[in-house]
Amino acid sequence: REMARVKNVVLVPAETSSAELIEKAQTVATVTSSSLWEAVLSGKPSLMFGYSWFMHCDGVFMIADMASAIDALEKIKNGYIPDEKRVLSFFVALDRVSVVGYGRTKKNKTREIPENELTENLFLGYYQRLIK
C-alpha cells in the first residue's frame, strides 16, 4: 500500500507478462534475472545489481554504487539503446567459449542430457580450451 502511494508508481497484477512490461518500459532493473536478459534482447537497456553470465553484454549496466547508477540512468535518459550487432557479437563469442553441459534440475526439464554425455561434454569442452 505504501508503494502504491508513491508518485509515478503503478502496481500491476502478478499475472502480467514480462514481455508486456518490458515492451512498455524504458529500462529494466533487477539483481539478476531472465527479465533483464529479455529486455536487452528487446532493445531495452538494463540495470544489473548482481552478477550473471551476461553482465558484460552491450545494454547491461553493472550497478555497483550510486555513481554507476547515476551514470547509467543519465545515458538511458539521453537515448541510449543496446547495439544489436554488439549483442549478437556477444552471442557469437559466448557460443565459441561455451560447452553444452548441465545437470537435470527442477527448472531444466526441456532438455535432459544423460550423465555420461554431460560428463564427456564438460571434459572435452574444458580440455579443448586448455590445449588451445
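Can you list the aspartates and glutamates whose alpha carbon is less than 14 Å from that of LYS75, not counting same-chain residues fewer than 8 positions off?
Straight-distance partners of LYS75: ASP58, ASP83.
Taking 20 Å as the cut-off for C-alpha to C-alpha distance, list the pairs among LYS44/LYS85; LYS24/LYS85; LYS44/LYS77 that go past it.
Correct reply: LYS24/LYS85.
What does the highest-first list of 84-92, 10-18 look like by mean Cβ count within 10 Å?
In decreasing order of mean packing, 84-92, 10-18 become 84-92, 10-18.
Taking a 1.4 Å probe, which of ARG5, ARG129 shows the most accessible area, and what order do the others take after it?
ARG5, ARG129
Highest first, please rank the peptides 51-61, 114-124 by the mean number of other Cβ atoms sitting within 10 Å of their residues.
Ranked from most to least packed, the peptides come out as 51-61, 114-124.
Which distance in nm do the two modelled labels at VAL92 and ASP58 give, with both placed 7 Å along the Cα-to-Cβ direction?
According to this spin-label approximation, the distance is 1.1 nm.
I'd like the orientation of helix 115-131 relative to the chain: the angle between its Cα long axis and the longest Cα principal axis, in ° from 0 to 90, rounded to 10.
90
Sort 74-81, 31-38 by the packing proxy (mean of other Cβ within 10 Å over each peptide's residues), most packed first.
31-38, 74-81
The values are calculated or read from the model by the stated rules, or taken from the named source; none is laboratory data. Remember, predicted model here, so these are calculated numbers, not experimental data. With ideal geometry, Cβ positions are generated from the backbone for all residues, glycine too; neighbour counts draw on all protein chains shown. These accessible areas exclude ligands, DNA and RNA; they are computed on the full protein's heavy atoms, side chains included. Shrake-Rupley method; radii C 1.70, N 1.55, O 1.52, S 1.80 Å.
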